[in-house]
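The values are calculated or read from the model by the stated rules, or taken from the named source; none is laboratory data. Only a predicted model underlies this, so the values are computations on that prediction, with no experimental measurement involved. Here the Cβ positions follow ideal geometry from the backbone for every residue, glycine too, while neighbour counts run over all protein chains shown. Areas reflect the complete protein model, heavy atoms only, side chains present, ligands, DNA and RNA absent. Shrake-Rupley method; radii C 1.70, N 1.55, O 1.52, S 1.80 Å.
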Amino acid sequence: RKAATLATAAFFVGVFPANVQMAADWRHPPARQQAAAIGRLPLQLPLVLWARGVAKGAKAGS
């Protein structure tokens, strides 16, 4: 479980540059799509912290 949650945290960190690129590419679509692309950026930090928190609580090899 610990390895899986650390991998999940790494995944969230790894996806962040793609989300930044998506926000940059979606400068011209309707405002609703722009808001979705930009709105997901600050949500990634809580996801990474959540996954790390779960990893800290998990036993190795579980």
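State all residues of the stretch 32-62 that are exposed (fewer than 10 other Cβ atoms within 10 Å of the Cβ) and not in a helix (DSSP H, G or I); if no residue qualifies, say none.
Those that are exposed (fewer than 10 other Cβ atoms within 10 Å of the Cβ) and not in a helix (DSSP H, G or I): K59, A60, G61, S62.
Which residues, taken from the stretch 16-31, are surrounded by 14 or more Cβ atoms within 10 Å (Cβ to Cβ), within 15 Å of the chain's Cα centre (by Cα) and not polar (S, T, N, Q)?
Within the stretch 16-31, the subset surrounded by 14 or more Cβ atoms within 10 Å (Cβ to Cβ) is 16, 19-20, 22-23, 26.
Next, from what is left, pick out any that are within 15 Å of the chain's Cα centre (by Cα): 16, 19-20, 22-23.
Selection gives F16, V20, M22, A23.
Out of (1) open to solvent by 90 Å² or more (accessible area, probe 1.4 Å); (2) in a helix (DSSP H, G or I); (3) at pLDDT below 90, the odd one out for A3 is which?
(1)
State the number of residues belonging to the stretch 29-52 that are within 18 Å of T5 (Cβ to Cβ), modelled with pLDDT of 90 or more and of a type outside the set (A, V, I, L, M, F, W, C).
Number satisfying all stated conditions: 2.
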